[in-house]
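To start, the structure itself, in structure tokens.
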Amino acid sequence: MAILSKRRVARLAAIQCLYSWDLNPQAPQDIFYQFLEFHAQNQSDLKIDNDFFRNLFFHTVSSINSVDSEIAKYSSRELKQLDSIVLAILRVATYELTSGTTKPAIAIDEAIEITKSIAGTGSYSFVNSILDKIRKNKSENEFPDLNV
């Protein structure tokens, strides 16, 4: 088994919680604490950056309308037609990209690697395409005088 970084585990946790929240809407706090309990009981060998996980999950949820709007701008499909796990991956990565909490290359690379490991075949190219467009749009808007 590959050793996962604490941040990768935190991203996976945030994705899992967003997936749960999307399929069975509950208070985000309930989902968060249920996950922590599950993780402690069943996945304690996987070290997690709890602060990063908490911030990523709660900030993505609180920004869900703007995150979804950003994804929808570049998706060839409506969000409700996307596989729920792919949508959760896109939401976390889009939040990271648009909030500036993570360097764009890292956010995109992490999303692609996670997609390859937990989503359907070919999904990673779809995820990469959307996130790359978001990154390019953000770069152009932040640095209009530069050819980034």
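Given the structure, is residue 117 in a helix (DSSP H, G or I), at pLDDT below 90 and of a type in the set (Ser, Thr, Tyr)?
Yes: the conditions hold for residue 117.
In region 67-81, what residues are more than 14 Å from the chain's Cα centre (by Cα) and farther than 21 Å from residue 26 by Cβ?
69, 72, 73, 74, 75, 76, 77, 78, 81
Could you tell me how many of the residues in region 77-102 are outside any helix (DSSP H, G or I), without any contact (Cβ under 8 Å) to a residue 40 or more places away in the chain and within 13 Å of residue 11 (Cα to Cα)?
Matching residues across region 77-102 total 1.
Would you mention how many residues in region 103-112 are exposed (fewer than 14 other Cβ atoms within 10 Å of the Cβ) and touching a residue at least 12 places away in the same chain (Cβ under 8 Å)?
Here the count works out to 0.
Please go through region 21-33 and give me each residue that is in a helix (DSSP H, G or I) and either in contact (Cβ under 8 Å) with a residue 40 or more places away in the chain or of a type in the set (A, V, I, L, M) (or both), ordered by number.
Correct list: 21, 22, 23, 31.
Between residues in region 9-20 that are without any contact (Cβ under 8 Å) to a residue 40 or more places away in the chain and under 14 Å from residue 33 (Cβ atoms) and residues that are in a helix (DSSP H, G or I) and of a type outside the set (Gly, Ala, Ser), which pairs lie under 6 Å by C-beta distance while being six or more apart or on different chains?
20/31
In the set 74, 124, which member is free of Cβ contacts under 8 Å to residues at least 40 places away in the same chain, surrounded by fewer than 20 Cβ atoms within 10 Å (Cβ to Cβ) and among the aromatic types (Phe, Trp, Tyr)?
One residue alone meets the criteria, 124.
Quick one: in region 1-45, of everything that is among the charged types (D, E, K, R) and more than 19 Å from residue 96 (Cα to Cα), which residue is modelled with the highest pLDDT?
30
Return yes when residue 69 is assigned to a helix (DSSP H, G or I) and either free of Cβ contacts under 8 Å to residues at least 12 places away in the same chain or within 15 Å of residue 133 (Cβ to Cβ) (or both) and no when it is not.
Yes; evaluated as a whole, the condition is true for this residue.
The values are calculated or read from the model by the stated rules, or taken from the named source; none is laboratory data. None of these values were measured; they are calculated from a predicted model. Please note: Cβ atoms are built from the backbone with ideal geometry, for glycine as well, and neighbour counts cover all protein chains shown.
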